[in-house]
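K.L.:
I am attaching a structure below and will ask some questions about it afterwards.
The values are calculated or read from the model by the stated rules, or taken from the named source; none is laboratory data. Every value quoted in this text rests on a predicted model; they were computed, and no experiment measured them. Cβ sites come from the backbone with ideal geometry, for glycine too, and all protein chains shown count toward neighbours.
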């Protein structure tokens, strides 16, 4: 058996995550979900040109934070973060007690965007939790 009937990840992918600390799953969001993320990304960059080469913190919260981030479609960013398949994936990895800590948009222009070196997210956060994970979604 591959896991619960609602499983998004295979048993092998869960084992790989537990062993290696990361996975690149076979699962992909639908074409319409990716198109929506592409549209949201383009709008976010257009609304926040001052952050084009930086990460944009909390696009799921309208006009949030010290960055002066404009997020006119914050509710749509939150809907993506609460996507049932994403939540099911996270539940397979760390269990059902899930809290959304935050969302971040990293806009990387082809060949000229800023680099993000390989790292472990836990080293960046000032707290220690039993189980945490990040979900990265490439939209182009």
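K.L.:
I'm told residue 41 meets every condition in (1) in a loop (DSSP other than H, G, I, E, B); (2) under 19 Å from residue 109 (Cα atoms); (3) in contact (Cβ under 8 Å) with a residue 60 or more places away in the chain except one. Can you identify the failing condition by its number?
P.N.:
Residue 41 satisfies all of (1) in a loop (DSSP other than H, G, I, E, B); (2) under 19 Å from residue 109 (Cα atoms); (3) in contact (Cβ under 8 Å) with a residue 60 or more places away in the chain except (1).
K.L.:
Does residue 69 satisfy being within 18 Å of residue 138 (Cβ to Cβ) and within 19 Å of the chain's Cα centre (by Cα)?
P.N.:
no
K.L.:
Determine, yes or no, whether residue 61 is surrounded by fewer than 17 Cβ atoms within 10 Å (Cβ to Cβ) and either touching a helix residue (DSSP H, G or I) at 6+ places or on another chain (Cβ under 6 Å) or closer than 17 Å to residue 133 by Cα (or both).
P.N.:
In short, yes.
K.L.:
Assuming residue 58 fulfils every condition listed in (1) in contact (Cβ under 8 Å) with a residue 24 or more places away in the chain; (2) closer than 19 Å to residue 140 by Cβ; (3) touching a strand residue (DSSP E or B) at 6+ places or on another chain (Cβ under 8 Å) apart from one, which condition is it?
P.N.:
(2)
K.L.:
Got at least one residue in segment 105-128 being closer than 29 Å to residue 11 by Cα and either at pLDDT 80 or above or surrounded by 14 or more Cβ atoms within 10 Å (Cβ to Cβ) (or both)?
P.N.:
no
K.L.:
Take the residues in segment 29-38 that are assigned to a helix (DSSP H, G or I) and touching a helix residue (DSSP H, G or I) at 6+ places or on another chain (Cβ under 9 Å); name whichever of them is surrounded by the most Cβ atoms within 10 Å (Cβ to Cβ).
P.N.:
Checking each candidate, the answer is 37.
K.L.:
In addition: Among the residues in segment 39-51, are any within 17 Å of the chain's Cα centre (by Cα), at pLDDT 95 or above, exposed (fewer than 14 other Cβ atoms within 10 Å of the Cβ) and at negative phi?
P.N.:
There is at least one residue in segment 39-51 that is within 17 Å of the chain's Cα centre (by Cα), at pLDDT 95 or above, exposed (fewer than 14 other Cβ atoms within 10 Å of the Cβ) and at negative phi.
K.L.:
Something else: Does at least one position in segment 12-26 carry a residue that is in contact (Cβ under 8 Å) with a residue 40 or more places away in the chain, part of a loop (DSSP other than H, G, I, E, B) and in contact with a strand residue (DSSP E or B) (Cβ under 6 Å, 6 or more places away or on another chain)?
P.N.:
The answer is no, given that none of the residues of segment 12-26 is in contact (Cβ under 8 Å) with a residue 40 or more places away in the chain, part of a loop (DSSP other than H, G, I, E, B) and in contact with a strand residue (DSSP E or B) (Cβ under 6 Å, 6 or more places away or on another chain).
Yes or no, residue by residue, for (1) modelled with pLDDT of 90 or more; (2) touching a strand residue (DSSP E or B) at 6+ places or on another chain (Cβ under 7 Å); (3) more than 16 Å from residue 34 (Cα to Cα); (4) not in a helix (DSSP H, G or I):
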site	(1), (2), (3), (4)
65	no, yes, yes, yes
68	no, no, yes, yes
79	yes, no, no, no
86	yes, no, no, no
89	yes, no, yes, no
